[in-house]
Protein chains: 2
Amino acid sequence: MAEQKIPYKIYLEENEMPKAWYNVRSDMKKKPAPLLNPGTGKPMTAEELEHVFCKELVEQELNNDDRYIEIPTEIRDFYKMYRPSPLVRAYCLEKKLGTPAKIYYKFEGNNTSGSHKLNSAIAQAYYAKKQGLKGVTTETGAGQWGTALSMACAYLGLDCKVFMVKCSYEQKPFRREVMRTYGASVTPSPSMETEIGKKILAEYPGTNGSLGCAISEAVETATKLDGYRYVLGSVLNQVVLHQSVIGLETKTALEKYGIKPDVIIGCAGGGSNLGGLISPFMGEKLRGEADYHFIAVEPASCPSLTRGKYAYDFCDTGEVCPLLKMYTLGSQFIPSPSHAGGLRYHGMSSILSELYDEGLMEARSVTQTDVFKAAEYFARVEGILPAPESSHAIKVAIDEAIKCRETGEEKTIVFGLTGTGYFDMVAYGQYNDNKMSDTIPTDEDIAASLAKLPKVNG
Amino acid sequence: MAEQKIPYKIYLEENEMPKAWYNVRSDMKKKPAPLLNPGTGKPMTAEELEHVFCKELVEQELNNDDRYIEIPTEIRDFYKMYRPSPLVRAYCLEKKLGTPAKIYYKFEGNNTSGSHKLNSAIAQAYYAKKQGLKGVTTETGAGQWGTALSMACAYLGLDCKVFMVKCSYEQKPFRREVMRTYGASVTPSPSMETEIGKKILAEYPGTNGSLGCAISEAVETATKLDGYRYVLGSVLNQVVLHQSVIGLETKTALEKYGIKPDVIIGCAGGGSNLGGLISPFMGEKLRGEADYHFIAVEPASCPSLTRGKYAYDFCDTGEVCPLLKMYTLGSQFIPSPSHAGGLRYHGMSSILSELYDEGLMEARSVTQTDVFKAAEYFARVEGILPAPESSHAIKVAIDEAIKCRETGEEKTIVFGLTGTGYFDMVAYGQYNDNKMSDTIPTDEDIAASLAKLPKVNG
């Protein structure tokens, strides 16, 4: 291995880092469906959205036309603290698998938030600061997004109020402490601080909370407090836009060495990582300049793309947010316990949903135990302990590499390694002790949940 | 900040990475004192040492002459998976402090072990494998060394038996799970698996264990089992040698941009990080080619350099290991609870002890609460949540930068950021809740412990 021309890790120079985000919507012939006002059933106007979101972010959310949107210098400076992230050639994994495939992964875990979430957190916090706001509110489940937002807010001197799903608040005290170290206030949800929290607590006194409820509390708080707005870490178009920095860096790094990927794989929860990773490659495909095989990997316990319906639905269980057209299992769908908290979302980014619906990308679902098996294998060979979410992509990348071993094809496989599993050791412990199981929703479960889709679908 | 010539992070190219470790002993006029056999009081021979340590590592341990020792290709390949580590220009910290000083830190935390320990773990595991051994044994306190060794052994297919101090085993279950994920067996110490463990448990049934006891159990296991040797993560000459990769990379990175440091700062527990970071710079100083101000930072709760004695002492409380001449608080010294587990060692590397004794480096001790204050400040400004150990260096780097603000000096400060604090959130939580306190040993405590130094000191 001593004479490899391609290094183990490809780092871009600072001046090769993207100066603009790429907006994949600009190259989509059929644009993602607009957000609808749940009351009127009509498209949300910018003015309506600005009650909840920052002005400039609303512009980005609604901008289907501009191919590139400049990254402000302040955000680029922040990116320089933890980016460029390495594009790693998985030499050891290839050797261990005995595959002729060439495997690369874009590793987004080398920052304290432990994931790619920081890419959008700093952007959203920056625009909030620029607008002169005092602070932002958000929800967090697994805690990666809350941590990322806390870091961004600490850097900019912005107040940060995080509603953390109560069961995570109690089961993941360390995530909570990281956020507190960054100066965020962390409230277990449901709480007595909001009307919706009080209502839910009165109705279900012993509830452990849910992401949907935490979203509703964060939105209510943002709209009630002067100088606050709500921010969201995935699903939205603006988030996919910010995360395009992942794909842009990946593309530049590959091009430096004249590498053309065949297969591009990412895990998919709300779609922010996958959307960001594939955006510039998808752009080429949409413009007919190149072809790639994209694979979205989701948990079998929460299979929105593979078993959901493409329809308008609420983003949250509280049903206070705008309606989004997406592949969904229904906003009332409750996924069985799975340790990939970041993938336990009933819906999917509108952009990815539309691309999937047009047949431009494949989707696969994988079970939790298979994912942890792949995670352990990868950790031992490549030295990085991956997040359960990211390990969904690892599982399918290994599957594809094994296929190449069988067919002899020398495919180039690129996958997104979104983060590290340092705060997921309870799950790894269960796997180590053979106490992990798989629960997959029945067709009846999904049908029951889909029966409650909003009327606007007709 | 847009036009900075020096990037936020300096990464070396793969071909600029060190091909040989630098052995600082070769440039020391007065060599570190030899290891002594505790029974005979005579220098340990290679043959005696080979009962406990791998052959090639014994050679490195005793090698005071060769300036460079080649890094085998296999180790260099492993290094390429997580190295070069970035040398970061702390632009944000400088700006926030308003200092004319230029601050750089060498960040060793971007790997799953979370610290620089992996640099020596892979080397020690490699020589064990090369010698045809089945496995290695070791002890771990805070868990960073045990994790690093587990990773190295998983990569090489070597068995790894870790004795983990019982209180850490129980208080840090996540560290334990990381090691298990890498296939290591982790035994709480004291255990019923060794004679010394049984003896201690019979004597003190409720004991929580200590590092000294865990060392004794690991050594006993290595000598009892066929095909096993014992490995140690700090203090030894060989470890400082392997860790010289930190200093060599730092020096190359600085030279690429024509930067000459004035002050070089590192935290010091057993001395592996500090020794590795300063080695090549100290070499220049010893050869009269350059001058640098070196600062070792230790916890006020365990101040071996600043308040200890330069004498022969045991490495372990069980007193089964060879005697080492070092700055020590006495092998029976029990530091008050401190969250920087990696710095709670009664002694100090013989190399650093000798250099310090000759006045070639300064030492300072700092209190825990001041360290966490600096850690929090750094995390919010530079985005990295540091390990408590590393934060000792941060504290003094900030102190030095503030001095520059007062004097107007434009000094270049380099410090070692050895690792991340992701597994130290209990300590951060105590700090966040204002429940952290400082305990500093009295002169009587230290005198009582030093009174028990071995007779060989005369």
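The values are calculated or read from the model by the stated rules, or taken from the named source; none is laboratory data. Keep in mind that what you see is a predicted model, and the values were worked out from it rather than measured. Virtual Cβ from ideal backbone geometry, glycine too; neighbours counted across all protein chains shown. For the accessible areas, the whole protein counts, side chains as well, though only heavy atoms, and no ligand, DNA or RNA atoms are used. Shrake-Rupley method; radii C 1.70, N 1.55, O 1.52, S 1.80 Å.
The table that follows gives values for the structure above.
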item: Of residues in segment B:403-431 being within 18 Å of the chain's Cα centre (by Cα) and in a strand (DSSP E or B), the one nearest to the other protein chains (Cβ to nearest Cβ); result: B:420
item: Failed item in (1) open to solvent by less than 10 Å² (accessible area, probe 1.4 Å); (2) more than 21 Å from the chain's Cα centre (by Cα); (3) closer than 20 Å to residue A:369 by Cβ, with residue A:396 passing the rest; result: (2)
item: Unique residue being over 22 Å from residue B:285 (Cα atoms) and modelled with pLDDT of 95 or more when the list is B:31, B:95; result: B:95
item: Qualifying residue in segment A:332-355 (condition: open to solvent by 30 Å² or more (accessible area, probe 1.4 Å) and touching a His at 6+ places or on another chain (Cβ under 9 Å)); result: yes
item: Segment B:404-417, subset touching a residue at least 40 places away in the same chain (Cβ under 8 Å) and open to solvent by 10 Å² or more (accessible area, probe 1.4 Å), residue farthest from residue B:298 (Cα to Cα); result: B:408
item: Matching entry among A:198, A:129 (being open to solvent by 40 Å² or more (accessible area, probe 1.4 Å), in a helix (DSSP H, G or I) and at pLDDT 95 or above); result: A:129
item: Test: residue in segment A:217-226 that is open to solvent by 20 Å² or more (accessible area, probe 1.4 Å), of a type in the set (D, E, K, R), within 21 Å of residue A:315 (Cβ to Cβ) and out of contact with any His (no Cβ under 6 Å at 6 or more places or on another chain); result: yes
item: Residue count, segment A:432-447 (criterion: within 14 Å of chain B (Cβ to nearest Cβ) and either open to solvent by 50 Å² or more (accessible area, probe 1.4 Å) or not in a helix (DSSP H, G or I) (or both)); result: 4
item: Search result, residues across segment B:61-73 that are open to solvent by 10 Å² or more (accessible area, probe 1.4 Å) and more than 9 Å from chain A (Cβ to nearest Cβ); result: B:61, B:62, B:63, B:64, B:65, B:66, B:67, B:68, B:69, B:70, B:72
item: Residue count for segment A:1-37, restricted to those that are more than 18 Å from residue A:275 (Cβ to Cβ), surrounded by 18 or more Cβ atoms within 10 Å (Cβ to Cβ) and away from every other protein chain (no Cβ under 14 Å); result: 1
item: Test: residue in segment B:362-379 that is open to solvent by less than 10 Å² (accessible area, probe 1.4 Å), touching a strand residue (DSSP E or B) at 6+ places or on another chain (Cβ under 6 Å) and more than 24 Å from residue B:141 (Cβ to Cβ); result: no
item: Elements of type strands (runs of 3 or more DSSP E) contained in segment B:244-348, each with 3 or more residues being over 29 Å from residue B:43 (Cα atoms); result: B:263-267, B:293-299
item: Residue within segment A:416-434 that is over 23 Å from residue A:259 (Cα atoms) and among the acidic types (Asp, Glu) present; result: yes
item: Listing of helices (runs of 4 or more DSSP H) fully contained in segment A:141-188 that carry 3 or more residues being within 10 Å of chain B (Cβ to nearest Cβ); result: A:144-156, A:173-181
item: Answer from A:450, A:385 - the residue that is open to solvent by 30 Å² or more (accessible area, probe 1.4 Å) and either assigned by TED's automatic domain parsing to the domain that holds residue A:335 or at pLDDT 95 or above (or both); result: A:450
item: Subset tally (residues that are polar (S, T, N, Q) and surrounded by 23 or more Cβ atoms within 10 Å (Cβ to Cβ)) for segment A:174-186; result: 1
item: Subset tally (residues that are touching a helix residue (DSSP H, G or I) at 6+ places or on another chain (Cβ under 8 Å) and farther than 17 Å from residue B:370 by Cβ) for segment B:430-440; result: 0
item: From the options B:310, B:292, residue that is open to solvent by 20 Å² or more (accessible area, probe 1.4 Å) and in contact (Cβ under 8 Å) with a residue 24 or more places away in the chain; result: B:310
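Listed here are the residues, each with its yes/no results for (1) open to solvent by 40 Å² or more (accessible area, probe 1.4 Å); (2) out of contact with any strand residue (DSSP E or B) (no Cβ under 9 Å at 6 or more places or on another chain); (3) touching a residue at least 12 places away in the same chain (Cβ under 8 Å).
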position	(1), (2), (3)
B:168	no, no, yes
B:172	yes, no, yes
B:229	yes, no, yes
B:240	no, yes, yes
